[in-house]
């Protein structure tokens, strides 16, 4: 893939001719609603030709992989080869570039068949999926969710389903609930017993514990709970992971941060998801949602206390629209990257790109005269994040959250990495 940023006077025909591709290829890759509607500053991904190889008589896939210095599995995967020992002379193979292999996770909010369809749409690009979410009560009982179709879709796509457990909701911070659990070993044991029963019954392969807003005084209690979970789950063949707030030091203050002990999580659990997003939150002022400058600070600290092969880079795939001037407590609208582009086109505003945060944004005035500022992700910002994953040699990427179309992301993800399949 190439990334091209539109300029004044550009048309898709002109761009297609420049890159020697068809207009249809550009339209399909970017899922453009109207090929004639472009705005200045719009980032497009341009498909580029793959390297090809014609199988010669007596030639094996192993020999071909060695010739091009790429993993054998990469050739098998990209060409959808079912039987690697039965490759016929004359077969035209696509030779993928040598790429790092990573794990990719995605959370999904939508239950039932809607969530299942989201898994099917991007299944080839996922290692894990985490239906959001299982909650619990003070007595250790679980509140189940409609996840059967999602788990079925996951296995059909060779994606590992992971049960996600949280202490909070849209209306509750979960601070008191976490305290009630973390200070009572009997309730913890009951909760773990209930979790194991659900996981065994439904086919989950592991758990992701996303406890937030924990009292700082419960920090060590949380660490002990994680160890207790490992001690119960590992003998049963289940892995344990956590999601943690984006910290830049062990001394960082605040309800979101203090009880998340990076060093302990890195030592105890199997992998850790860094929630490296939400600087531009719904109720704050308009700004980049996941600025590279802030993410680097988190990674620089994280790699000193968590093994790199346990770290997942958190990547948000939604956009936000703030009314300006910002009023404290006023909620921004959240939607997809595709909707952000649609609004830029509708209101004829050029898209700008903040090089410091590596994030696109624009301003517009709606039909009622209200001014807005939109921050979102595009091909450039996605590539910048992928480059960080490579530079820091991390285990993988975790997306929050499916349901917001972002076709460029998935094309670039495949262009940058080989996605590990664990089933």
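What to note about this one:
- With respect to being over 28 Å from residue 382 (Cα atoms) and either in contact with a strand residue (DSSP E or B) (Cβ under 7 Å, 6 or more places away or on another chain) or outside any helix (DSSP H, G or I) (or both), residue 230 fits the description.
- Flag if residue 327 is without any contact (Cβ under 8 Å) to a residue 60 or more places away in the chain, on the phi < 0 side of the Ramachandran plot and assigned to a loop (DSSP other than H, G, I, E, B): yes
Residues are listed down the side, and each one gets a yes or a no for (1) surrounded by 18 or more Cβ atoms within 10 Å (Cβ to Cβ); (2) modelled with pLDDT under 95; (3) farther than 14 Å from residue 317 by Cα:
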| residue | (1), (2), (3) |
| --- | --- |
| 334 | no, no, no |
| 345 | no, no, yes |
| 348 | no, no, yes |
| 357 | yes, no, yes |
| 364 | no, no, yes |
| 369 | no, no, yes |
| 373 | yes, no, yes |
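- All positions within region 150-168 that are touching a helix residue (DSSP H, G or I) at 6+ places or on another chain (Cβ under 6 Å) and either part of a loop (DSSP other than H, G, I, E, B) or without any contact (Cβ under 8 Å) to a residue 12 or more places away in the chain (or both): 157, 159, 167
- Members of region 69-79 that are assigned to a loop (DSSP other than H, G, I, E, B) and at pLDDT below 90: 69, 70, 71
- Region 81-97: number of residues that are crowded, with 18+ Cβ neighbours inside 10 Å and out of contact with any helix residue (DSSP H, G or I) (no Cβ under 6 Å at 6 or more places or on another chain): 1
- Considering residues of region 124-149 that are touching a helix residue (DSSP H, G or I) at 6+ places or on another chain (Cβ under 6 Å) and under 28 Å from residue 407 (Cβ atoms) only, the residue surrounded by the fewest Cβ atoms within 10 Å (Cβ to Cβ): 146
- Search result, residues across region 233-250 that are in contact with a helix residue (DSSP H, G or I) (Cβ under 7 Å, 6 or more places away or on another chain) and part of a strand (DSSP E or B): 240, 242, 244
- Residue match in region 98-116 (condition: assigned by TED's automatic domain parsing to the domain that holds residue 272, crowded, with 20+ Cβ neighbours inside 10 Å, free of Cβ contacts under 8 Å to residues at least 40 places away in the same chain and not in a helix (DSSP H, G or I)): no
- Condition check for residue 66: touching a residue at least 40 places away in the same chain (Cβ under 8 Å) and either loosely packed, with under 12 Cβ neighbours inside 10 Å or in a helix (DSSP H, G or I) (or both): no
- Restricting region 1-16 to residues that are in contact with a helix residue (DSSP H, G or I) (Cβ under 7 Å, 6 or more places away or on another chain) and free of Cβ contacts under 8 Å to residues at least 12 places away in the same chain, the residue that is surrounded by the most Cβ atoms within 10 Å (Cβ to Cβ) is 16.
- Output for region 38-51, where each listed residue is part of a loop (DSSP other than H, G, I, E, B) and either free of Cβ contacts under 8 Å to residues at least 60 places away in the same chain or over 24 Å from residue 354 (Cβ atoms) (or both): 47, 48, 49, 50
The values are calculated or read from the model by the stated rules, or taken from the named source; none is laboratory data. Quantities reported herein were computed from a predicted structural model and do not represent experimental measurements. Backbone-built Cβ (ideal geometry, glycine too); neighbour counts: all protein chains shown.
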